[in-house]
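No lab work stands behind these numbers, since they all come straight from the coordinates. The structure presented is a predicted model; accordingly, all values stated were derived computationally and were not measured. Cβ coordinates were reconstructed from backbone atoms using ideal geometry, including for glycine residues, and neighbour counts include every protein chain displayed.
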Amino acid sequence: MNPLVLRSAIVAALGGLLFGFDTAVISGTTKDLERVYDIGGFMLGFTVATALIGTIVGALVAGRPVDRYGRKKVLFAIGILYFVGALGSGLVTHLGLFMFFRFLGGIGVGVASVVAPIYTAEVAPARYRGRLVGLVQFNIVLGILLAYLSNFILASTLPSDIAWRWMFMVMAVPAVIFFLLLFTTPETPRWLYLVGRRTEAVEVVHRLTNSPQEAEFEIREIEQAQARDASATRAPFFVRQNRKVILLAFAIAAFNQLSGINAILYYANDIFRMAGAGDNAAALQSVVVGLVNLVTTMAALTVIDKIGRRRLMLIGSIGYLVSLGALALVFTVYKERFSGASSVMVLGALVVFIAAHAFGQGSVIWVFISEIFPSRIRARGQSLGSLTHWVFAAVVSWTFPGIAAVLGGGAAFGLFFVCMIGQLFWVLRVMPETKNVPLEEMERNLGIELTAEDVAAAGSGPRSH
């Protein structure tokens, strides 16, 4: 593999590490937030969801800047948002300001979920694309593990009144590293072609490939796609022709969160405490969950380009049903009679759940969404997928504490179980396989390729949607 391709993919994926860290870090601070800001219940849920509201905004607005200013410049902006959000969340003493800085960090997460997979997909050759785009997911789960581990270490070594603040502020360090490393990476050749900078695009392609023959093939593929899309670079998005890929992106993103993954990541310590574990044991068990997440993601990335996206989703769907069924049963049977044994049972079920998620949805979602949209609408398509993902994440994470408090943990996990039955049917009946398909061929396979008439109509029709 070309060294520059690998380095560029790794640097872009560091945005995913910050994404994962920001997602999971709050799980170790919920008790302190209740104490310091005198909140609980619904208000705690809203405070936790503030970052998710930011991700919704970030995913919603990311498409246009990514197309207008380029993938790389937007990655720079993400690094700044992470840095400011991390320091602000840890330093402020007012709840409103805390939520504001969490919101800023959330915008960074939302934008990262759009641009990092696009960037990597556009610099990676087809035969490595699944693994390289999957590096984003690997770094997300690495960030989650580092957040759990950092929370555990800080809670064990610092006084409780300041430990929770450092849990947020430590993220400023990798944010700076990410920002500086971006100077060593190129802009993607597909975006350079998209905005008419052909000479630069050709130069980048030659740097990203291993031989003149490979470079010429890549250039030819890109130019053919750009020729088809020349009059449609701002093509309509919500039209019948794009309906299939829009529904595919919406479905995989919605099912991702209807599994309950973000509720579990955000409230991992609280779930373990509900099952009878003490504070330190709950924090340590969260580290175990994060480690399983990382190891299983690594396993998935080694096979995603061999056995394909669809088979991973099938395996993950079955694992979801087994683990969520077990969690619903444990929380229904034990209710208020939790003990050390029940805590271990919950840990075992959550380990299976996390493994199922990491091997299936977690490894596939961003790869799949980055692949199915044609270049003329790829940024907006990725934005739609990310927006859907984060809207459902906000709703699930906001409502989970209330549902668990009113109906019990068994009912909450039972609802996720029912949703995953739906995902299993979707994978079996609807989801296409996308492995080893060049991006320029994907639209032909999905039946959304532009005809000459479509191009002419797009060029003469409305210029914004």
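Using equal-weight Cα scatterers in the Debye expression, the normalised intensity of the stretch 131-279 in log10 at q = 0.08, 0.13 Å⁻¹ is -0.46, -0.94.
For the chain, the longest principal axis of the C-alpha atoms and the axis of helix 42-69 are separated by about 10°. The listed peptides 378-384, 108-114, 294-300, ordered by packing as a protection proxy, come out as 108-114, 378-384, 294-300 (highest mean of other Cβ atoms within 10 Å first). With both labels modelled 7 Å from their Cα along Cα-to-Cβ, the residue 203 to residue 332 distance reads 6.4 nm. For residue 306, the lysines whose Cα comes closer than 26 Å to its Cα, not counting residues fewer than 8 places off in the same chain, are 244, 435.
Answer with a single label: of [x] 23, 55, 21, 1; [y] 26, 56, 17, 1; [z] 26, 59, 14, 0, which was calculated as P(r) over Cα pairs in 20 Å bins from 0, in percent from the structure in view? Checked against the structure: label [y]. Against the chain, whose longest principal axis is taken from its Cα atoms, helix 243-258 shows a tilt of about 20°.
Model label sites at residue 43 and residue 411, defined 7 Å from Cα along the beta-carbon direction, differ in position by 2.5 nm.
A viscosity of 1.567 mPa s and a temperature of 4 °C, combined with the Kirkwood radius over Cα pairs in Stokes-Einstein, give a translational diffusion coefficient for the stretch 155-207 of 90 µm²/s. Any idea which of 177, 263, 114 is furthest toward the positive side of the dipole for the chain, if Lys and Arg beta-carbons carry +1 and Asp and Glu beta-carbons -1? Most positive-ward Cα: 114. Residue 97 to residue 421: FRET efficiency via 1/(1 + (r/R0)^6), r the Cβ-Cβ distance, R0 45 Å, to the nearest 0.05? It comes out at approximately 0.60. Between helix 95-123 and the chain there is an angle of about 40 degrees, using the helix long axis and the longest principal axis of the Cα atoms. Charge tally for residue 181 (other residues, Cβ to Cβ under 13 Å; Lys, Arg +1; Asp, Glu -1): +2. Length available on full extension from residue 160 to residue 1: 0.36 nm per residue minus the Cα-Cα distance, which gives 52.5 nm.
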